[in-house]
Structures are given as structure tokens and as C-alpha cells.
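The values are calculated or read from the model by the stated rules, or taken from the named source; none is laboratory data. Since the structure is predicted, the reported quantities are computational estimates derived from the model, not experimental observations. All Cβ positions, glycine included, derive from the backbone under ideal geometry; neighbour counts span all protein chains shown.
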Amino acid sequence: MNILKTYNLNGLELKNRIVMAPMTRCRAIENIPNDLMATYYAQRAEAGLIISEGTSPSVNGLGYARIPGAYSPSQIEGWKRIANKIHNNGGKIFVQLMHCGRISAKENLPNTGETIAPSPVRAEGEMFTDSKGMQQHDLPREMTLEDIEQTQNEFVNASNLLVNSANIDGVELHAANGYLLDQFLNPKSNLREDKYGGDFKSRARFVLETAKKVVAKVGANKVGIRVSPYGAMNDLEHNYPDLVDLYTYLAVELKELGIAYIHIVDHTGSMGAPEFKSRIKSTLKHVFKGTIITGGDIDSLDKAEEVLNNGFDLAYIGRPFISNPDLIEKMKHNDKLTEPKEAFFYSTGAEGYTDYKPKYELNYDDA
């Protein structure tokens, strides 16, 4: 099967074409990547590429309780330990840089943090906080031009630290699922009337400028991006008149930058999102020409192979990796997969995180 063959990702050799999708797990106490996280990722280094959970480039971007950051010395040291364990087990990792923007609650931010977004539009819904339980999303402050430049520089700084100090293989810019980069793209959350709002090219400006700056610092081959066209997460408009124009334009510009990949998230099916209104995945592949990662609801090698048969390059798998550290071996043998313990998705300890016992011995350093 092609899905089990090696793949050259802009010079980075992957041992197969299966990607472990980014999944928030909330184990980073005080926002610092720790040894428990290192064990978790090392156990899953069977994937051709691991994309880490969303990781904030700054204090302002934290948003959720106990998500990791990549801006302090202790955080970078934590990521370095994780990278070394993954590499020792033959894996590769990109860290996903996620600024939460308006998807935030002040109780989850340090005293110096502030909820900022393209426009002062509160997202509907609530989020969990350790101190007060469920809380309404903050009303964000509209970002000034100075905020925009500073935030872009925070992405650059985090990328540089991760790649050049922590030995991480690359970074993924999270422009999906209703977080800050996506908030600039979407007309429901971006009501700006300056050069960062309005038509689709202006709404794309923040994302493209950020990508260009990160590429200039760490190299195009170490930068990917995640997008979610037709995504309905975090109170965004899932379909709007210039959506296809917007994402086609992004793909054209990202092709010129020569980035490693575009990662298209698909929340249809079990995630309950509306069906795509166009063949947007194929459109982006045709325009971008380079590596496209996509997937959704994959729990077998046949389903993963189908992604490749449909013209894409790498297939991402999410939840099955949570409870099956030996997922690929299990799928090779058509074994029944272990179901995850959903009650422990976002808790603080090893239960439901690193305590799933593999059926197949992988000879990994997971201590």
C-alpha cells in the first residue's frame, strides 16, 4: 500500500504517509511542555509525521487551560526533550502554532495576557477554566496595527526557537477552526475596514504576511499551514460568497512561498460539520501543486489509502491515535481499535493519556 511507503516532505524523510493530527490534550501545567507529554508523543512516533497540539506563540494566545507555549526558555527546553524522544524513536514532528485570539477566557491567561482579535466580536459559547469552571468567551479588544505586527513577530520568534533551539522539524501555522489566523480570514469575525479587512485579499493579508515572515526566518521547507474551509467551529460563518476565491488565493500565494504543505481539516462526518459546498480540497491541490494533508474519520489503512487515491499526499488520523499508540500496527493486522476514554481528554494526568497499553511491541523509548 502506498500509505505505508516513505515520503519526502520537502527534504524531510517520513517513514510512512500517515500523519498524527494535532489534538488538544491540556497536560502542559503552567503552559510548559513536560515529561508526561514527551512520553505521550514518543509512544506515537510510529506515525510518519506528528503534528503537535496547538501551541501558543505568546501569552496573549494561550486561550485554553494548560495548553503549551513556545516563547519562554522553559517551554523551549520542554519541546527540545519531546523532539529528542520522538527522533530517538524514528519519528518527525511539526509543532502547531495556535494563537487562540477571541476563543479565550481571561481566567486562562496570565496576568500579563489579553484577549485580542481582528474585531471586537465575542464568540458565542463557553470554555473550561481551572479556576471557575465553564466561562463565557471574552469580548476581545480589536487589534491595532502595532498589535498585528507584534503578533506576527511572536509567531516568528516561536518558530525560530522551536526549529533552531528545540530541534523541532518544523512548524504548522494554525489558520483553521476559528482561531486567530482563521478569525482574520472569516467575514463573521473580521469586520475591519483597514487593509486587513474587507475583500478576501485583505482578509488574507495577516495570514500571508505571517507566513512570509516565518518562512524568511526558518525556511519554507519547515513551514506548513492548516486551513478549514467550510469549517463551523468556534462561531464562524461556514459558507460565504468569496470562500472559494479566498482559499484559492491563499493557495496561489503559499505556492509562491514554497511552504512544505497545506493541511486541510475536514470536520464533516462524525464531527457534524456541514458538507463542503465545492470540491475545495481538489481545487487547493490543483493550485498549490505541493503536499496536501487531509483526512477525517480514518480508522483503517484502506480509508487512509483512499485519501491518496483521491489525489492527495498524506492522510491525517486523529482520535484513534489517542488510545492506540501502536495504531499503524493494529491497522496492518485489522485489529479492533481501543476506544479512547473521553472523560480524560483534557485532564492533567497519565490516565487516558499515556496508560493505553500497546498490543504490539514497538521497541520505543517511552519512559
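Here are the numbers for this structure:
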{"quantity": "Checking A175 against (1) under 25 Å from G311 (Cβ atoms); (2) surrounded by fewer than 17 Cβ atoms within 10 Å (Cβ to Cβ), the condition it does not meet", "calculated": "(2)"}
{"quantity": "Which listed residue is crowded, with 22+ Cβ neighbours inside 10 Å and either touching a Cys at 6+ places or on another chain (Cβ under 9 Å) or among the β-branched types (V, I, T) (or both), from L180, L185", "calculated": "L180"}
{"quantity": "Selection from segment 321-367 of residues that are polar (S, T, N, Q) and loosely packed, with under 14 Cβ neighbours inside 10 Å", "calculated": "N334, N363"}
{"quantity": "Qualifying residue in segment 98-121 (condition: outside any helix (DSSP H, G or I), in contact with a Leu (Cβ under 6 Å, 6 or more places away or on another chain), over 24 Å from A260 (Cα atoms) and polar (S, T, N, Q))", "calculated": "yes"}
{"quantity": "Test: A42 is small (G, A, S) and touching an Asp or Glu at 6+ places or on another chain (Cβ under 6 Å)", "calculated": "yes"}
{"quantity": "Residue in segment 277-288 that is within 24 Å of S52 (Cβ to Cβ), of a type outside the set (K, R) and modelled with pLDDT under 95 present", "calculated": "no"}
{"quantity": "Residues that are more than 15 Å from H174 (Cα to Cα) and of a type in the set (A, V, I, L, M), drawn from segment 53-83", "calculated": "V59, A65, I76, I82, A83"}
{"quantity": "Residue that is surrounded by the most Cβ atoms within 10 Å (Cβ to Cβ) [pool: residues in segment 210-238 that are assigned to a loop (DSSP other than H, G, I, E, B) and among the hydrophobic types (A, V, I, L, M, F, W, C)]", "calculated": "L236"}
{"quantity": "Check on L139, assigned to a loop (DSSP other than H, G, I, E, B) and at pLDDT 95 or above", "calculated": "yes"}
{"quantity": "Residue match in segment 246-261 (condition: under 20 Å from T294 (Cβ atoms), under 17 Å from the mean Cα position of the chain (by Cα), in contact (Cβ under 8 Å) with a residue 12 or more places away in the chain and surrounded by fewer than 18 Cβ atoms within 10 Å (Cβ to Cβ))", "calculated": "no"}
{"quantity": "Qualifying residue in segment 301-318 (condition: without any contact (Cβ under 8 Å) to a residue 12 or more places away in the chain, surrounded by fewer than 16 Cβ atoms within 10 Å (Cβ to Cβ) and within 30 Å of R66 (Cα to Cα))", "calculated": "no"}
{"quantity": "Close pairs (7 angstrom Cβ cut-off, 6 or more residues apart or separate chains): under 19 Å from N89 (Cα atoms) in segment 320-343, basic (K, R) anywhere", "calculated": "F321/R44; N324/K330; P325/R44; D326/K359; K330/K359"}
{"quantity": "The lone exception for K80 - which of (1) assigned to a helix (DSSP H, G or I); (2) at pLDDT below 95; (3) not acidic (D, E) it fails", "calculated": "(2)"}
{"quantity": "Matching residues in segment 187-209 - criterion: being of a type in the set (K, R), part of a loop (DSSP other than H, G, I, E, B) and closer than 15 Å to E149 by Cα", "calculated": "K195"}
{"quantity": "The one condition in (1) within 26 Å of N153 (Cα to Cα); (2) assigned to a loop (DSSP other than H, G, I, E, B); (3) within 18 Å of the chain's Cα centre (by Cα) that G91 fails to fulfil", "calculated": "(1)"}
{"quantity": "Single condition P241 does not satisfy, out of (1) assigned to a helix (DSSP H, G or I); (2) farther than 25 Å from I18 by Cα; (3) without any contact (Cβ under 8 Å) to a residue 12 or more places away in the chain", "calculated": "(1)"}
{"quantity": "Residues that are part of a loop (DSSP other than H, G, I, E, B) and under 17 Å from the mean Cα position of the chain (by Cα), drawn from segment 1-44", "calculated": "A21, P22, M23, T24, R25, C26, R27, A28, P33, R44"}
{"quantity": "Answer residue from segment 262-296, given it is part of a helix (DSSP H, G or I) and of a type in the set (A, V, I, L, M) and is surrounded by the most Cβ atoms within 10 Å (Cβ to Cβ) among those", "calculated": "L284"}
